[in-house]
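This report refers to the structure that appears directly beneath it.
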Amino acid sequence: MTVILVFHPDLRRSRANRALLDAASKLAELKVVDMSALYPDGRIDVDVEVGRLIAAERLVLQFPVQWYSTPPLLKAWQDAVLTRMVYLAPQAEGARLIGMPLLVAATAGNFEAAYRADGANLFSLAQLLWPLQATAHRCGFRWAEPHFVYEADKVGPEALALEGRRYAARLDAWRGEPSRRTGFRSGSALPVLPAA
């Protein structure tokens, strides 16, 4: 099962993230979780989220880029869920993340050309998300090339529909790649994660 955790502050009002999910929802074996609707007060049920990750075969983190970073709820989720799994329960929980494929799907309001060294934002979106990639590496996720949508609040319905189809095709192809826990056998000794 591919799990998409969506960290949009108000998904009902989103054009781009909604278009992506509308297209992706046609795929089988996919679960979408609107994290902001689930945790409007920001208080994350860590037990539920740990269970969700352990049950998933693939993970997608979908969000709008806000001030060159992830939305606050995604950072809070990382702090609560990943800290517990990787640092507080590395054998029982954290080791179960090792090898899980992770795809980031991020939307940005500016033009693609704005995200380069000579552009308005100085850095590519991939560079701006290096902290997230480093976190994925530390947790043992298998990082997939991110999926980006530019001009998210500017493009018309046809372009958004095309982006949705492109996203669904990417997810469908990604599901054909090896899933998580390659080589992991239930009951086998779990690797020890080094301290940071």
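Structure summary
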| quantity | calculated |
| --- | --- |
| Hits in the stretch 132-146 (condition: of a type in the set (D, E) and either closer than 19 Å to Y87 by Cα or in contact with a strand residue (DSSP E or B) (Cβ under 7 Å, 6 or more places away or on another chain) (or both)) | none |
| Any hit, the stretch 67-81, residues being of a type outside the set (G, A, S), under 15 Å from the mean Cα position of the chain (by Cα) and not in a helix (DSSP H, G or I) | yes |
| Some residue of the stretch 31-46 being touching a residue at least 40 places away in the same chain (Cβ under 8 Å) and in contact with a Ser or Thr (Cβ under 7 Å, 6 or more places away or on another chain) | no |
| Cross-chain or 6+ apart pairs with Cβ under 8 Å, the stretch 60-80 first and free of Cβ contacts under 8 Å to residues at least 24 places away in the same chain, then among the small types (G, A, S) and outside any helix (DSSP H, G or I) | K75/S69 |
| Test for L162: is it closer than 30 Å to I54 by Cα, out of contact with any helix residue (DSSP H, G or I) (no Cβ under 7 Å at 6 or more places or on another chain) and in a helix (DSSP H, G or I) | no |
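Matching residues to (1) closer than 27 Å to D47 by Cα; (2) touching a residue at least 40 places away in the same chain (Cβ under 8 Å); (3) in a loop (DSSP other than H, G, I, E, B); (4) of a type in the set (A, V, I, L, M):
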{"position": "P90", "(1), (2), (3), (4)": "yes, yes, yes, no"}
{"position": "L103", "(1), (2), (3), (4)": "yes, yes, no, yes"}
{"position": "A106", "(1), (2), (3), (4)": "yes, yes, no, yes"}
{"position": "N110", "(1), (2), (3), (4)": "no, yes, yes, no"}
{"position": "A117", "(1), (2), (3), (4)": "no, no, yes, yes"}
{"position": "L122", "(1), (2), (3), (4)": "no, no, yes, yes"}
{"position": "Q133", "(1), (2), (3), (4)": "yes, no, no, no"}
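We did not get these values from a lab; they are worked out from the coordinates using the rules stated. Given the structure is predicted, the values throughout are model-derived calculations rather than measurements. Positions of Cβ are generated from backbone atoms using ideal geometry, with glycine treated the same way; all protein chains shown enter the neighbour counts.
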